[in-house]
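The values are calculated or read from the model by the stated rules, or taken from the named source; none is laboratory data. Everything numeric in this text was worked out from a predicted model, so none of it was measured. For neighbour counting, all protein chains shown are included, and Cβ atoms are generated from backbone atoms with ideal geometry for every residue, glycine included. Heads up: the accessible areas ignore ligands, DNA and RNA and are worked out on the full protein's heavy atoms, side chains in. Shrake-Rupley method; radii C 1.70, N 1.55, O 1.52, S 1.80 Å.
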Amino acid sequence: MLKLIGSRLLQMLLIMAVVSLVIFAIFDSDKFKKQIAVAELGGFAVSALSDQDYQAWLDRKGLNVPFYDRYFKWVAGVARGDLGRSYEKSEPVSQLLAKRLINTGMLAFWVFALMVPLSLTLGIIAGMKEGSVRDRAVSFIAVLTTSLPEIATAIVLTVILALGLRWVPANSAMVNGWDWRQLILPVLTLVLYDFGYVARMTRASMAEVMTSQYIRTAVLKGLPYRRVILRHALRNALIAPFTIIVLQLNWILSGVVVVEVFFQYAGFGQLLLDAALFGDVYVIQAATLVAVFIAVLSQIISDIGYTLLNPRIRFS
Amino acid sequence: MTTTIEALSAPPSVPPVAAPPSVSLLKRLQQPRVSLALILLMWLPLTIYVMFGSYLGDPLKSIVLMPAVPATLLLYLVAVTSWRESTVAIVGVTLVFFWLIVAVTVPFLPLADPDKPIAPFAAPGIVKHGHFFLLGADFKGRDMLSRVLWGCQRVLVWGVTATLAAYVVGSFLGLVAGYLAGWWDQAISFIANVLLSFPVMVLFILILNYLGSSGFNIVIAVTFASAPAIMRLVRGLTLDTKSRDYIFAAQTRGEHPLRIMIYELLPNARGPIIVDACLRLGYTTVAITTLTFLGLGLQPPDPDWGLMIKESAKVAMLWRFAYMLLIPALSVSSLILGFNLMADGLREMSLRD
């Protein structure tokens, strides 16, 4: 087990090293360097600059060296805990990233806090009796909500709840300080987008367990139905959904970009998009590595959880 | 009732050549080769029209889509009759074909020019400047009905092309990794793992930023993002069928590994691949719309659903103008729902067999 975790973590480090080198190579192009110059000196100044002066400016900023030199300098900085400075927002990356990660973390926390109980309950209710009216209703809702892309869900919710009923604000930019009401629409959008998939998986797993021999035995033994479900069925039915819920972290991280941009919520996804459009290489590096880290970590956790929960699986 | 009795009591001396033509025509259309020809007849003109429309002259551009119209209608008929047993699949196919038929017929419909400003902010269902706005006009005064119908062309063409490209790359790598195993498998699987450890949207943003935003680059980005998952699927299926007798037979005949992969292994893995392809078409449609909304996908001024959302999201945040956002959002949702229901129906049918 420990060996497995160790090898997965080692693989993650290898992936991160490859990814960060590739990102430095990609964002080394002249176009992005020019963008940085325009942001710092202004468009007119850059177009008025002679080629020689531009080269001198690049030298001063340390942009004129090959990307691998910058890469090794950056790696040395990371080892000391320095993630570099953002070109666009002229702020240390670590500060910027921490702020945005807290915001996104808040969003993700509420999404999971609502999505997990909702999808598990619906999935279990649907899977208890396959083919029943409740089962078909839940399956229909699940297919419908997962078919709506986040952007469409966000629009429909905004139009109904914010523009029509005026219950919640349509915009989550939090310009006048923190306001929990502005968090409602982004959270609801992500929950609606995500719960259907988990509910369907829970339903499938529950339906499979309900057809097994030991459940039949328990029912025929005369145990109360409630007890059969809660004590016997749930234990095995919740193994598969666990891994899927953990893997949703990866999905949420993608969905967050769209939702944050649409609702103008200052989170991690918006930071990444802004940085990528600008060519703000240190921010992209840090944000991508965080994303990869979370994604791989969720994969590892789901693997470990699956082995711990399911005694039939053992890694040799 | 009377017809059946007549049919039953028909004299047995009728020569077999004179079979009723209406039934045999449909049957003939259902043959894989004919269906494939119909698909090509629908798809090639549409792709040429959307991707290379600007290079075609005006007279050529107006006739290139003509053969696609009957082909699409016939294909819809074939799809409905052969998937009769699953209601879900029929609903899905109907949704998808609604947009396909719109895509091939839209140049022939009496619609306003989708890029021509007529009356800004005209509400749905009113007449303004001598033009009837069934679905209203957007903030620049362009007819929404015309824009939403024209918008389906680019999503469909780029979505299917991107999915196809991802499948070609993904299945080839999957076949190689599964069949040749060993060193090939390890190298391909490692690359796939690297790509799979990115959240999809992060990968899209990085790739499209580097390449610049255009339809062809979306195809490349989708290939990078989807091919690893497809490769895993095909690799699993290949490992499954690799030890069958007919593969050994082919090996004994001395066939080239490439030939075995493409002619023996791939056709026998087609069931799960087709279901997965329908789902993936849905994902790709979402991805294209979303990327266009984020400003990384297709570029203005041509009508496109993601662009319509992007442009309206800044100006239409009022109840009165909500239709500008709702119409493209619901259109894209209906197309994706169609793909998903089609996948569900196909899976249901394959489980039943």
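Residues that are more than 12 Å from A:F195 (Cβ to Cβ), touching a residue at least 24 places away in the same chain (Cβ under 8 Å) and within 14 Å of chain B (Cβ to nearest Cβ) within segment A:113-142 comprise A:E130, A:S139, listed in sequence order.
Looking only at segment B:324-340, count how many residues are buried (at least 20 other Cβ atoms within 10 Å of the Cβ) and more than 7 Å from every other protein chain (Cβ to nearest Cβ). Talk me through it step by step, then tell me what you get.
Start the filter on segment B:324-340 by keeping residues that are buried (at least 20 other Cβ atoms within 10 Å of the Cβ), which leaves B:324-329, B:331-333, B:335-340.
Filter once more, so that each one left must be more than 7 Å from every other protein chain (Cβ to nearest Cβ): B:324, B:327-328, B:331, B:335, B:338-339.
Within segment B:324-340, residues that are buried (at least 20 other Cβ atoms within 10 Å of the Cβ) and more than 7 Å from every other protein chain (Cβ to nearest Cβ) number 7.
Within segment B:120-141, which residues are open to solvent by 10 Å² or more (accessible area, probe 1.4 Å), out of contact with any strand residue (DSSP E or B) (no Cβ under 9 Å at 6 or more places or on another chain) and not hydrophobic (A, V, I, L, M, F, W, C)? Of everything in segment B:120-141, those that are open to solvent by 10 Å² or more (accessible area, probe 1.4 Å), out of contact with any strand residue (DSSP E or B) (no Cβ under 9 Å at 6 or more places or on another chain) and not hydrophobic (A, V, I, L, M, F, W, C) turn out to be B:H129, B:G130, B:K140. Taking residues in segment A:83-94 that are under 14 Å from A:L272 (Cβ atoms), and partners anywhere that are part of a loop (DSSP other than H, G, I, E, B) and of a type in the set (G, A, S), the pairs with Cβ atoms closer than 7 Å and at least 6 places apart or on different chains are A:V93/A:G84; A:V93/A:S86.
Against the numbered list (1) more than 11 Å from the chain's Cα centre (by Cα); (2) away from chain B (no Cβ under 11 Å); (3) in contact (Cβ under 8 Å) with a residue 24 or more places away in the chain, A:G279 comes up short only at (2). Within segment A:1-51, if we keep just the residues that are farther than 27 Å from A:V290 by Cβ and either modelled with pLDDT of 80 or more or surrounded by 13 or more Cβ atoms within 10 Å (Cβ to Cβ) (or both), the residue that is farthest from the chain's Cα centre (by Cα) turns out to be A:L49.
Find the helices (runs of 4 or more DSSP H) located wholly in segment A:221-314 whose residues include 2 or more that are outside the structural domain of A:P117 (by TED's automatic domain parsing), and list them. Steps first, please.
Details: elements: A:234-237, A:239-263, A:268-278, A:281-309.
Fully inside segment A:221-314 and qualifying: A:268-278, A:281-309.
From B:S214, B:S171, grab the single residue that is polar (S, T, N, Q), surrounded by fewer than 16 Cβ atoms within 10 Å (Cβ to Cβ) and away from every other protein chain (no Cβ under 13 Å). Full working, then the answer.
Values: B:S171 fails: surrounded by fewer than 16 Cβ atoms within 10 Å (Cβ to Cβ).
Sole residue among the options that is polar (S, T, N, Q), surrounded by fewer than 16 Cβ atoms within 10 Å (Cβ to Cβ) and away from every other protein chain (no Cβ under 13 Å): B:S214.
Per-residue answers, yes or no, for (1) of a type in the set (V, I, T); (2) at pLDDT below 85; (3) under 27 Å from the mean Cα position of the chain (by Cα):
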position: B:G130; (1), (2), (3): no, yes, no
position: B:L149; (1), (2), (3): no, no, yes
position: B:V157; (1), (2), (3): yes, no, yes
position: B:T161; (1), (2), (3): yes, no, yes
position: B:G182; (1), (2), (3): no, no, no
position: B:L195; (1), (2), (3): no, no, yes
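Could you list all residues from segment B:233-272 that are exposed (fewer than 15 other Cβ atoms within 10 Å of the Cβ) and either of a type in the set (A, V, I, L, M) or touching a strand residue (DSSP E or B) at 6+ places or on another chain (Cβ under 6 Å) (or both)? Residues satisfying the conditions are B:A249, B:L258, B:I262.
Would you mind listing the helices (runs of 4 or more DSSP H) fully within segment A:106-219 where at least 1 residues are aromatic (F, W, Y) and crowded, with 18+ Cβ neighbours inside 10 Å? If you could, list the steps in order and put the result at the bottom.
Working: elements: A:133-147, A:150-157, A:184-210.
Those helices (runs of 4 or more DSSP H) span A:184-210.
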